[in-house]
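Notes for the one structure printed next.
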Amino acid sequence: MLTALRSEARYAGLWALPLPVELGGGGLPFRAYAELAEAEGASDHGPAALGSAPLLDVTMLARHGGPGVREAYLKPLVAGDIRTCYAMTEPDVPGTDPFRTGTRAERLPDGSWVVTGRKWFTSGAAGADLVTVMARTSGADGDRDGLSLLLVPTASAGFRVVRELPVLGAVGQYEIAFDRVRVPADHLLGEPGDAPAIAGERLQLGRTLRCLRWLGQAQRAFDLMCARAAGHSGSRGPLADQQLIQSHVFDALLALRTTRPLVHEAVALIDSGQDARTEVGLAKVAAARMLQQVTDSAIQVHGAAGLGPDTPLPALFRTGRAARILDGPDELHITSVARRVLREYGRTSVPPSCPDAPRG
């Protein structure tokens, strides 16, 4: 099915729209693509079917990969011939504290690397051809320096998928292991110690992409809810005439309409190359909460039918709940955004009531 959808996307000129033209993509600027990302997100297969799924990896490798990496992997990635995944989180290490990364990479005399360690909740690892792994290349546990990113071919000796990790019953996440995996010298991304900067850049774009797709998923749940309310009746008449149903519709629409501008504000800043950390943090928390709220209302309006296999609502609700932890839990973003804003107030002594206070 997916192969057929990809063929149709290519034939219609819709393949890889946000990816560079010189690599076989459509060259659409991120701000223009953002509108389409919502529509892609509403589908179970949108990004994969339309070739936009590797946007994060293509962007990272194009900016930080060496000539050999760019030549070997970028065009096959855009064409959909190979797949990648990203491994950062580890068992027993809080994802909010990457400086405690236990995976190690030792540099050999010939410049190549040997990677040893374990990662988990790595999306799509079982079908990936390449995995970008964060590893400590120098320093001690907890040091803020010495973390690097290496691109590891999954066919390498010593790499293995340990197990699948269902998330609230959904598949696609994996625990993986590196047992002295040999990595070519030119598969280091950037320079040794560059991982925090590269990962931060990737996460900023990745979180915003997730928010856009969550908007699309929430719109899908909202549409299902409204169709149910308009098309079904109970013993007291049409569902759409019941005030409690109307309250669900209003609150869900309010959540959608107030979250969308936050997400697109982050999109605009990223597109223009500006610091969007505060805006991305706000958008990520708001969009995750909004998806869970809207889907919960849709399930409530459907009743028992909303819990069963005949609608996508259980899967959408599961996504909404997981969204509050993926790419950093709500608490991380709340704390980091608040601290950033308060630091700015401390530097400028602007009264909190000032309407022209600086952005965080």
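The values are calculated or read from the model by the stated rules, or taken from the named source; none is laboratory data. If you're wondering where the values come from, they're calculated on a predicted model, not measured in any experiment. For neighbour counting, all protein chains shown are included, and Cβ atoms are generated from backbone atoms with ideal geometry for every residue, glycine included.
Residue-by-condition table, conditions (1) out of contact with any Gly (no Cβ under 8 Å at 6 or more places or on another chain); (2) modelled with pLDDT under 95; (3) of a type in the set (Ser, Thr, Tyr); (4) within 26 Å of Ile270 (Cβ to Cβ):
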| residue | (1), (2), (3), (4) |
| --- | --- |
| Arg207 | no, no, no, yes |
| Leu224 | yes, no, no, no |
| His232 | yes, yes, no, no |
| Asp241 | yes, yes, no, no |
| Ser247 | yes, no, yes, no |
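One line per residue, one yes/no per condition, for (1) at pLDDT 95 or above; (2) closer than 20 Å to Gly231 by Cβ; (3) touching a His at 6+ places or on another chain (Cβ under 9 Å); (4) not in a helix (DSSP H, G or I):
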site	(1), (2), (3), (4)
Asp251	yes, no, no, no
Glu265	yes, no, no, no
Gly273	no, no, no, yes
Lys284	yes, no, yes, no
Leu291	yes, no, no, no
Thr295	yes, yes, no, no
Thr319	no, no, no, no
Ala322	no, no, no, no
Leu326	no, no, no, yes
Exactly one of these conditions fails for Ala135: (1) out of contact with any Phe, Trp or Tyr (no Cβ under 7 Å at 6 or more places or on another chain); (2) surrounded by fewer than 22 Cβ atoms within 10 Å (Cβ to Cβ); (3) small (Gly, Ala, Ser); (4) assigned to a strand (DSSP E or B). Give me its number. (2)
Taking the conditions exactly as written (under 18 Å from Gln173 (Cβ atoms), out of contact with any strand residue (DSSP E or B) (no Cβ under 6 Å at 6 or more places or on another chain) and either at pLDDT 95 or above or not β-branched (Val, Ile, Thr) (or both)), does Gly66 satisfy them or not? no
Restricted to region 67-98 and to residues being of a type in the set (S, T, N, Q) and closer than 23 Å to Arg160 by Cα, the residue surrounded by the most Cβ atoms within 10 Å (Cβ to Cβ) is Thr84
Taking strands (runs of 3 or more DSSP E) that fall entirely within region 144-184, which contain at least 1 residues that are closer than 30 Å to Arg318 by Cβ and of a type in the set (S, T, N, Q)? 173-183
